[in-house]
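Coordinate-derived values only; no laboratory data. Computed from a predicted model, the values in this text were never measured in an experiment. We place every Cβ from the backbone using ideal geometry, glycine too, and count neighbours over all the protein chains shown.
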Amino acid sequence: MNVNANAKKTSLIVLAGLGAAALVAGCASSGAPGASDASVTDAQFKAMMQASFRDEGIAKVDRIQQDAGQAACSTGAAPDEATAKRIEAESLATVKPPSDGKYLGDWKEGEKLAQNGRGMTWTDKSAASSANGGNCYNCHQISKAEISFGTIGPSLYNYGKLRGVTDPSSAAAKPMVEYTWGKLNNAWAYNACSNMPRFGHKGLLDEKQMQHLMALLLDPKSAVNQ
Ligand code: HEC
């Protein structure tokens with residue numbers, strides 16, 4: 001993929017995935033007056049944040065409002081064990097099984113989504129998940145044919161094969177299928193404060209798109225499992 005595609009991938013991550021944390025980090029280290037002064041109150045900081053950004057296109061200022069999990073994950077230190085467990089339990093509770101009962105779609109469509117880093121930038125006309133890609137290669141190796149990939153996340157090459165998934169609809173495969181579905185919907189369900197975007201939870205991808213990505217990872221016919 002070309003440099004331009006990578007730039008787009010980066011914007012999706014910054015705006016959609018790590019938005020609040022990245023913005024806070026950006027401002028705190030920008031040399032703003034008093035930024036390193038411990039006497040700056042949370043209220044002053046919040047006011048500064050609110051005054052520094054405005055709605056532009058589909059990017060709305062509500063992106064700087066942190067939910068409880070984002071706040072706990074943005075302190076600069078890992079959350080304590082009890083907090084991490086609470087974040088994971090709350091995240092797992094947001095994961096719903098697919099409404100049509102089908103976990104797997106078409107792996108070829110999944111590959112296109114994994115390659116596609118578009119979406120969620122202020123110049124995009126729509127914030128609908130159907131306008132977004134999954135941007136997976138930005139952080140993961142996936143199929144062998146694509147040699148441009150990031151390494152923030154583990155390699156997903158041979159994902160299903162390595163986990164012994166020979167028939168994704170079998171009872172034996174169920175735990176792995178459900179785990180992977182949970183991971184795509186809300187990565188924090190299994191790893192509080194993970195860098196992986198919470199695709200379903202944040203409306204970055206819809207159910208159909210996640211089903212295609214599931215097939216990319218778990219369908220024995222997928223290029224990932226060859
Ligand atoms: C911003 C980087 C980033 C992006 C983009 C990203 N991931 Fe991840 N992913 C991670 C990280 C980091 C981990 C490991 C930590 C964790 O488990 O949350 C991970 C873990 C996973 C796992 C669990 C792996 C295992 O062995 O248990 C799966 C499955 C996965 N990602 C799939 C995807 C898919 C599919 C996409 C695209 C829709 C995607 N990821 C996009 C960063 C990312």
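Structure notes:
- Positions within the stretch 185-226 being within 10 Å of the ligand (Cβ to nearest atom) and at positive phi, in sequence order: CYS193
- Taking the stretch 197-226 as the range and being charged (D, E, K, R) and closer than 11 Å to ASP106 by Cα as the test, the residues that pass are LYS208, ASP219, LYS221.
- Meets criteria (away from the ligand (no atom under 16 Å from the Cβ) and either in contact with a His (Cβ under 9 Å, 6 or more places away or on another chain) or polar (S, T, N, Q) (or both)) for SER130: no
- For the residues ASN116, ASN135, the requirement of being under 15 Å from PRO197 (Cα atoms), within 8 Å of the ligand (Cβ to nearest atom) and not basic (Lys, Arg) singles out ASN135.
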